[in-house]
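The values are calculated or read from the model by the stated rules, or taken from the named source; none is laboratory data. Nothing here was measured: the structure is a model prediction, and the numbers come from that model. Here the Cβ is made from the backbone with ideal geometry for all residues, glycine too, and neighbour counts use every protein chain on show. Accessible surface is based on the protein model in full, side chains and every heavy atom, while ligands, DNA and RNA are left aside. Shrake-Rupley method; radii C 1.70, N 1.55, O 1.52, S 1.80 Å.
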Amino acid sequence: EVDDATIARHLARRHQEGEMYTAVGDVLVAVNPYQPLDRAGMGLYDPRVARHFTKTDKVALAPHVFRVAADAHGHLRSMHE
């Protein structure tokens, strides 16, 4: 069940882990962890990160704005097929 306490708990845990994004169903919540956000020497919005989100099974991916964009793009494409 999703309620305010559950959402707050997940946001707090992700913040403690230094993760900016949390997915709550189809909603992406961003919380600034007030620290540099890079993984493996890549910035959060590095083009290589964007490519990763367009070429990988999105269900297995961590929450990210590129995941939301890739999902939206996929839905738009399927509407026109």
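So which residues in the stretch 62-78 are basic (Lys, Arg) and farther than 17 Å from Arg14 by Cβ? Outline the logic, then answer.
As a first pass, look at the stretch 62-78 and keep what is basic (Lys, Arg): 67, 77.
Arg77 - this is the single residue of the stretch 62-78 that is basic (Lys, Arg) and farther than 17 Å from Arg14 by Cβ.
Sort out which residues of the stretch 1-29 are among the charged types (D, E, K, R) and closer than 12 Å to His64 by Cα, and write them in order of number. Break it down into steps so the answer makes sense when it comes.
Narrowing the stretch 1-29 to residues among the charged types (D, E, K, R): 1, 3-4, 9, 13-14, 17, 19, 26.
Within the stretch 1-29, Glu19, Asp26 qualify.
Go through Ala69, Ala50, Ala5, Ala62 for me and flag whichever is open to solvent by less than 80 Å² (accessible area, probe 1.4 Å) and modelled with pLDDT of 85 or more.
Working: Ala69 fails: modelled with pLDDT of 85 or more; Ala50 fails: modelled with pLDDT of 85 or more; Ala62 fails: modelled with pLDDT of 85 or more.
Of Ala69, Ala50, Ala5, Ala62, the one residue that is open to solvent by less than 80 Å² (accessible area, probe 1.4 Å) and modelled with pLDDT of 85 or more is Ala5.
Please name all residue pairs, on different chains or six or more residues apart, with Cβ atoms under 6 Å, provided the first residue is in the stretch 62-80 and is closer than 17 Å to Gly25 by Cα and the second residue is open to solvent by 60 Å² or more (accessible area, probe 1.4 Å).
Ala70/Thr54
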